[in-house]
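This report concerns only the one structure given below.
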Amino acid sequence: MGKGFEQLQVWQKAKDIAVLIYKVTADGKIAKDFSLRDQMRRSAISIASNIAEGDERDTDKKSVRFFFIAKGSLAELRTQLRIALEVNFLDKDEFAKIKQDCLEIGKMLGGLIKHRIGDRQ
């Protein structure tokens, strides 16, 4: 496999977004909505965690399964961000920045999946 998940740029960005979500949800209205706050944090952590777990698997097939789970967690986070925006828990600038980061991570995950699958499909 690779040189370790911490060397993967997609893992680094996913970890950074998890840290950002913790900071964004620490204050304001969103901090008081324990359910949404905790779900956003779990989704964000799950992205980086599944990339790490996938990279540590012994076959590309097993790795790709976890990368797809990370993509699912990313979709969950994007949904939760949209809800937080629409109930005025996030301002438009925060939302736009985090959404852009999510889109980048999604593209990077797609590329990693394609690389690991290769031409076997």
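The values are calculated or read from the model by the stated rules, or taken from the named source; none is laboratory data. Note that this is a predicted model, so its numbers are computed, not measured. Glycine also receives a Cβ, built like all others from the backbone with ideal geometry; neighbour counts cover every protein chain displayed. Note: accessible area is taken over every heavy atom of the protein model, side chains too, but ligands, DNA and RNA are not part of it. Shrake-Rupley method; radii C 1.70, N 1.55, O 1.52, S 1.80 Å.
Helix 60-86 axis versus longest C-alpha principal axis of the chain: approximately 10°, rounded to the nearest ten.
Would you rank R65, R41 by solvent-accessible area, highest first, keeping every protein chain in place and using a 1.4 Å probe? Mind showing how you got there, number by number?
Working: R65 140, R41 40 Å².
Listed by decreasing accessible area, they come as R65, R41.
Can you compute the helix-only [θ] at 222 nm over the chain? Use -39500 (n - 2.57) per DSSP H run of at least 4 residues, normalise by all residues, nearest 500 deg cm²/dmol.
On the way: 5 runs with 97 residues, N = 121.
Mean residue ellipticity at 222 nm (helix-derived): -27500 deg cm²/dmol.
Which angle from 0 to 90°, rounded to the nearest 10, does the C-alpha axis of helix 9-24 make with the longest principal axis of the chain? With both axes taken from Cα atoms, the answer is about 20 degrees. In a simple Cβ point-charge model (Lys, Arg +1; Asp, Glu -1; nothing else charged), the chain has a dipole of about 260 debye relative to its Cα centre.
May I ask you to give the solvent-accessible area per residue for the chain, in square angstrom, as obtained with a 1.4 angstrom probe? Kindly include the intermediate steps, with their values, before the conclusion.
Values: 7230 Å² over 121 residues.
Result: 60 Å² of accessible area for each residue.
Projecting the Cα atoms of A96, N50, I69 onto the dipole axis of the chain, where Lys and Arg carry +1 and Asp and Glu carry -1 at the beta carbon, places I69 farthest toward the positive end.
Which shape class, rounded, prolate or oblate, goes with the stretch 1-47 when its Cα gyration tensor gives a ≥ b ≥ c as root eigenvalues, a/c under 1.5 marks rounded, and past that a/b bigger than b/c marks prolate?
Numbers: a/c = 5.59, a/b = 2.77, b/c = 2.02.
In terms of gyration-tensor shape, prolate.
Sorted largest first, the spans of the alpha carbon positions of the stretch 68-121 along the three principal axes are 45, 17, 11 Å.
Count charges around D16 for me, please; just the other residues with Cβ under 13 Å from its Cβ, Lys/Arg as +1, Asp/Glu as -1.
On the way: positive: K13, K15, K23, K97; negative: E6, D101, E104.
Neighbourhood net charge equals +1.
The coefficient of translational diffusion for the stretch 31-121, derived via Stokes-Einstein from the alpha carbon Kirkwood radius under 25 °C and 0.890 mPa s, stands at 176 µm²/s. The share of accessible area on the chain that comes from carbon and sulfur is 51 percent, using a 1.4 angstrom probe. Legend: distances between Cα atoms for K29/K107; K61/K97; K23/K61; K62/K99; K32/K92; K71/K114; pairs beyond 23 Å are K29/K107; K61/K97; K23/K61; K62/K99. Rounded to the nearest 10 degrees, the angle from helix 34-56 to the longest Cα principal axis of the chain is 10 degrees.
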